[in-house]
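Reviewing the structure listed below.
The values are calculated or read from the model by the stated rules, or taken from the named source; none is laboratory data. If you're wondering where the values come from, they're calculated on a predicted model, not measured in any experiment. Every residue, glycine among them, receives a Cβ derived from its backbone with ideal geometry; neighbour counts consider all protein chains shown.
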Amino acid sequence: MSDPKYQVTDLQKIDAKTLGITWQDGLQRFIPVRQLRLKCPCAKCVDEMTGKILLVSQLVPIDVHPVKIEPVGLYALKVFWSDGHDTGMYTFKMLRELDLEESESS
């Protein structure tokens, strides 16, 4: 059985810049959507072999936002971004453990 702390029970747009996630264990997270875009784990944004960030944060619009979010099974979300990017898959584990302290300037 899956760990309840990695099971999403609610996902909602809080405002134009914030995504709200509620987890089965009751924790709520509020994630800035641009930061989420900058953390995209796909092969276009992160080198698969070295883990080096390939995404140039200055090229991501300040007002980037999700256009559509789809579930991927019971373990991830696929986000379609306003900048046309749509290859990233954000696992629930990644979303739960996302470092919200890191600066967007990276």
Next on the checklist: I need a count of the residues in the stretch 30-54 that are within 14 Å of the chain's Cα centre (by Cα), hydrophobic (A, V, I, L, M, F, W, C) and farther than 12 Å from residue 88 by Cα.
Outcome noted: 3
Next on the checklist: Condition first: part of a strand (DSSP E or B), among the charged types (D, E, K, R) and surrounded by 13 or more Cβ atoms within 10 Å (Cβ to Cβ). Now tell me which residues in the stretch 39-87 satisfy that.
Outcome noted: 78
Next on the checklist: What are the pairs with Cβ atoms under 6 angstrom where one residue, in the stretch 24-45, is closer than 17 Å to residue 75 by Cβ and touching a residue at least 60 places away in the same chain (Cβ under 8 Å) and the other, located anywhere, is of a type in the set (Gly, Ala, Ser) and not in a loop (DSSP other than H, G, I, E, B)? Sequence gap at least six, or different chains.
Outcome noted: none
Item to check | the stretch 71-100: number of residues that are at pLDDT 95 or above and among the acidic types (Asp, Glu) | outcome: 2
Checklist outcome for this item: Checked the stretch 18-59 for anything among the charged types (D, E, K, R), touching a helix residue (DSSP H, G or I) at 6+ places or on another chain (Cβ under 7 Å) and at pLDDT 95 or above; matches are none
